[in-house]
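Participant: Shown below is the structure under consideration.
The values are calculated or read from the model by the stated rules, or taken from the named source; none is laboratory data. As the structure is a computational prediction, the values presented were derived from the model and not from experiment. As a convention, Cβ positions derive from the backbone with ideal geometry for all residues, glycine included, and neighbour counts pool all protein chains shown.
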Amino acid sequence: MTGPFVDTSGWGNIVDRSQPYHQVATNIYRLARQQTGKVVTSNYVLAELVALLTSPLQLPRSKAVGFIQSLIQSPYVEIVHVDQELDALS
């Protein structure tokens, strides 16, 4: 893994300009891409993010799905897939 870990609220702040830390989160994301080339997240975070985008952020479904797909396809986002074995370690 390389780069900082982005949690659910981090992605929420990035995707929704009305969030109080949107600019801070966006700046951190850009800086991480410049310094390490990647940020790290997990499949658990993506699952939580779907719920956050749906409610309370109330993003239209198409925008929420598009954002999740962009994360999955991004060369800048490393997604750690938490499986049973990895989950048991925590």
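Participant: Checking the condition hydrophobic (A, V, I, L, M, F, W, C) and touching a helix residue (DSSP H, G or I) at 6+ places or on another chain (Cβ under 6 Å), which residue from 47, 32, 88, 25 passes?
Facilitator: Just one listed residue meets the conditions, 25.
Participant: Can residue 34 be described as over 17 Å from residue 9 (Cα atoms) and either small (Gly, Ala, Ser) or under 13 Å from the mean Cα position of the chain (by Cα) (or both)? Reasoning before the result, please.
Facilitator: Details: over 17 Å from residue 9 (Cα atoms): yes; either small (Gly, Ala, Ser) or under 13 Å from the mean Cα position of the chain (by Cα) (or both): no.
Taking the combined requirement at face value, the residue does not satisfy it.
Participant: While we're looking at this one, here's another question. For the stretch 22-38, which positions are farther than 15 Å from residue 75 by Cβ and surrounded by 14 or more Cβ atoms within 10 Å (Cβ to Cβ)?
Facilitator: Of everything in the stretch 22-38, those that are farther than 15 Å from residue 75 by Cβ and surrounded by 14 or more Cβ atoms within 10 Å (Cβ to Cβ) turn out to be 22, 25, 26, 28.
Participant: Also, quick follow-up: Out of the stretch 1-51, which residues are aromatic (Phe, Trp, Tyr) and touching a Leu at 6+ places or on another chain (Cβ under 7 Å)? Break it down stepwise before answering.
Facilitator: Step one: list which residues in the stretch 1-51 are aromatic (Phe, Trp, Tyr), which gives 5, 11, 21, 29, 44.
Selection gives 11 alone.
Participant: Restricting attention to the stretch 47-67, and to residues there that are surrounded by fewer than 17 Cβ atoms within 10 Å (Cβ to Cβ) and under 13 Å from the mean Cα position of the chain (by Cα), which single residue is farthest from residue 86 (Cα to Cα)?
Facilitator: Among those residues, the one meeting the criterion is 66.
Participant: Could you list, in sequence order, all residues of the stretch 32-49 that are modelled with pLDDT of 95 or more and of a type outside the set (D, E, K, R)?
Facilitator: 39, 40, 41, 42, 43, 44, 45, 46, 47, 49
Participant: Tell me, which helices (runs of 4 or more DSSP H) wholly within the chain include 2 or more residues that are touching a residue at least 40 places away in the same chain (Cβ under 8 Å)?
Facilitator: On the way: elements: 8-15, 22-35, 43-54, 61-73, 84-89.
Helices (runs of 4 or more DSSP H) meeting the threshold: 8-15, 43-54, 61-73.
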